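Everything below concerns the one structure shown next.
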Amino acid sequence: MKKQIAILLSATALLTGLSACNSKPSTDSSTDKKTETVKKSSKSEEKKASSEVKKSSKQSSSEKTDNFDLMIEAAQSQIENLKQQFAGTYSDITITKGEGHTIVYTYTYAKDPIGNIDFEALKPTLVKGMKPTMDGVKAIIPDAKIQVIYQRPDHSELGNITITQEDTDSIS
């Protein structure tokens, strides 16, 4: 069971990382078909994981903690990809375990941003971007949340956004 969860998490993290790194929209229909096949396969794996979680609804607290720790490790393995993707924008990116079952992404700007950033206006876009991550996480940890913190170069907080499963479920 743990091996299956680890494989599912690794696949989800890899797919999320790869989709985040793709900056050009594909115009090749064969690539679109391959992507669609991968998405269907991923959704099938998520459904299997979800049904396994429902079957083992008496999962102990320590098992949930172990699974959550594995998810944090999987997310941390994507930090280098994120740093390359946002090269020059952020001086540091961290992914840590927060209170309860919260995954905390902290982005520290390399230079102090000019002007004010409307983080409330940014939230819907961030929710949309984090939906694949949240969908993968909620199959294992039903009460998981994602917290995204933006910091100035001096580590003072610029913005703090919490994304819940309700937020991502509201996206069609």
Scoring only Lys, Arg, Asp and Glu (+1, +1, -1, -1) among other residues with Cβ under 14 Å from the Cβ of SER91 yields 0
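Counting only protein heavy atoms, what percent of the accessible surface of the range 77-150 is carbon or sulfur at a 1.4 Å probe? Display every interim value, and only then the final one.
Numbers: 2050 of 3930 Å².
On the range 77-150, the fraction of accessible area on carbon and sulfur atoms equals 52 percent.
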The alpha-carbon pair-distance distribution computed for the range 88-138, with 10 angstrom bins and whole-percent values, is 19, 44, 32, 4
Counting every C-alpha pair in the range 86-172, the percent lying more than 19 Å apart is 40 percent
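On full extension of the chain, what length is gained from GLU63 through THR96, given 0.36 nm per residue of separation minus the C-alpha to C-alpha distance?
On the way: separation 33, 0.36 × 33 = 11.88 nm, distance 1.86 nm.
Residue separation times 0.36 nm, minus the Cα-Cα distance, leaves 10.0 nm.
Is there a quick way to get the dipole size of the range 90-137? I mean about its Cα centre, with the Cβ of Lys and Arg at +1 and of Asp and Glu at -1; what is the value in debye to the nearest 20? Walk me through the intermediate numbers first.
Details: 5 positive and 6 negative charges, 31 e Å.
That gives a dipole near 140 debye.
The values are calculated or read from the model by the stated rules, or taken from the named source; none is laboratory data. In this text the structure is predicted, and so the values were computed from the model without any measurement. Quick reminder, even Gly has a Cβ in these numbers, built from the backbone with ideal geometry, and neighbours come from all protein chains shown. For the accessible areas, the whole protein counts, side chains as well, though only heavy atoms, and no ligand, DNA or RNA atoms are used. Shrake-Rupley method; radii C 1.70, N 1.55, O 1.52, S 1.80 Å.
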